[in-house]
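First the structure, in the form of structure tokens, and then the observations on it.
Nothing in this text is a laboratory measurement; each read-out follows from the coordinates by a stated rule. The structure presented is a predicted model; accordingly, all values stated were derived computationally and were not measured. Because the Cβ atoms are built from the backbone with ideal geometry, glycine has one as well, and the counts that use them run over all protein chains shown.
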Amino acid sequence: MKAILIDDENPALLQLERLIQADGRMDVLGKFTRVSSGLEYLEDNPADVVFLDIEMPGINGLEAGERLSATHPDLHIVFVTAYNHYAIEAFELNALDYVLKPVDPARFSKTISRIESRMSTTRSMPAPQDSVVICFKRLTLESSAESGGLLRWRTQKAQELFAFLLHQNGQWVTKDHILETLWPQLVLDKATTQLHTSVYQVRKVLKHWGVEATIEYAHDSYRLTRSGFTTDADLFIRGIHIPGVETEKEFQQLERVLHLYQGDYLEEHDYFWAKPVREELRRQYIHGSLVAAAYERDKGRERQALKRLLALQQKEPYSDEICRSVIQAYHDQGNEAALVSHYRNFTSLIRNELDAAPEAETVQLYLKLTDQE
């Protein structure tokens, strides 16, 4: 294993170097008192591990860790700090490990062992195939690879940060915007610490998942690179834009797309920032379902069409458009009693809950189908 050491104090660098040499499992490639020098060195000299001081002039160690992770995603980071009050709990979550100054040799040996174990696990992990992020109903990371499976998040905020950056479709998002969206109730210092912690947690999950995607950091902004996976929402959007269905093959393609919609976009998490996309995808699902039902009616599959429409009206009970399709389907079946009952129930529902009346087009269709024109 190869390591570089970054600390603004030379005595601390020398102590770390002596401990590494005494342990014998790791080589020191270079020692640096400035983060910029360490970054420049890594451009031409790849390393496995960086030991990074927290308190340094000019740049916070957490910020430095973000830059290193963004430019060198395979690099393992161990934080070094003289302050045990410095969010040690967070370090355990967002870094491979942390050590306190002055560094205890026995504790340092455990750190080296942890690094060895992590690197061994990473090398033996096969890359997943057909990896997909489920966005409909509940956010889930899935993979067909045996080592992938379903991954869990350490905190809800790490999960929301991943979802929020995923939601941006690869676009850069400023640090301030992320803080205002995800941690509006916290003061700046605490919110920033929470952001750093969550960024590291997300990167760890992605690394464990085995995809090439990661969180990049530049110019005080972040973005999620979308490499090695797709989402069910992406597949849905690409397949749902169908003006109509004329053949059975087109109908089957539409059915597969509609099947992706297992619930509203990020429904169980109810993120407020996801609401516009959630409503738009819901609208597209309803439109696609109506197109599918119209094809089924045209092909004489009135029962299947009606079943689809009734399920759709449960999802969107106040929709005049769905109501019109339902009463048309009942008419096609010759079931006038059910037609009348459904229309009256719909009218009563929107009157009692919305203080509204059916649209003129709905009333006109009802009168036409019941020969009351």
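Remarks
- Eligible lysines near Lys299 by straight Cα distance, threshold 17 Å, same-chain separation 8 or greater: Lys249, Lys307
- J(HN,Hα) series, region 331-341, from Karplus relation 6.51 cos²θ - 1.76 cosθ + 1.60, nearest Hz, glycine and proline x: 5, 4, 7, x, 9, 5, 4, 5, 4, 5, 4
- Simple label model, 7 Å out from Cα along Cβ direction - Leu14 to Trp172, nm: 4.2
- Choice from Arg256, Arg223, Arg203 showing the highest fluctuation, given a GNM over the chain with Cα pairs closer than 10 Å: Arg256
- Taking amide H positions as modeled 1.01 Å from N, with prolines and chain starts lacking one, the residues under 5 Å from Ser221 and 5 or more places away or on another chain are Lys175.
- Principal-axis tilt of helix 248-259 within the chain, Cα atoms, nearest 10 degrees: 50
- Annotation: amide H-H contacts under 5 Å for Val80 (H modelled 1.01 Å from N, sequence separation of 5 or more, or interchain): Leu52, Asp53, Ile54, Val99.
- Cross-link pairs beyond the 23 Å C-alpha cut-off, checked among Lys110/Lys175; Lys2/Lys175; Lys31/Lys157; Lys137/Lys275: Lys110/Lys175; Lys2/Lys175; Lys31/Lys157
- Helix 275-298 axis versus longest C-alpha principal axis of the chain: approximately 40°, rounded to the nearest ten.
- Residues Glu268 and Glu353, FRET efficiency given R0 of 30 Å [Cβ-Cβ distance, rounded to 0.05]: 0.80
- Restricting the calculation to alpha carbons of region 156-300 gives Rg and Dmax of 18.8, 65 angstrom.
- Considering only Asp44, Asp220, Asp53, the mean-square fluctuation computed in a Gaussian network model of the chain, springs between alpha carbons under 10 angstrom, is largest for Asp44.
- Within the chain, helix-based [θ] at 222 nm, where runs of 4 or more DSSP H residues each add -39,500 (n - 2.57), nearest 500: -17500 deg cm²/dmol
- Per DSSP, loop GluC sites (Glu not before Pro) in region 243-322 with at most 14 further Cβ within 10 Å: Glu246, Glu268
- DSSP-assigned coil residues among GluC sites (Glu not before Pro) in region 18-57, each with at most 15 further Cβ atoms within 10 Å: Glu55
- Relative to the current alpha-carbon distance between Ala337 and Thr71, full extension at 0.36 nm per residue lengthens the span by 89.0 nm.
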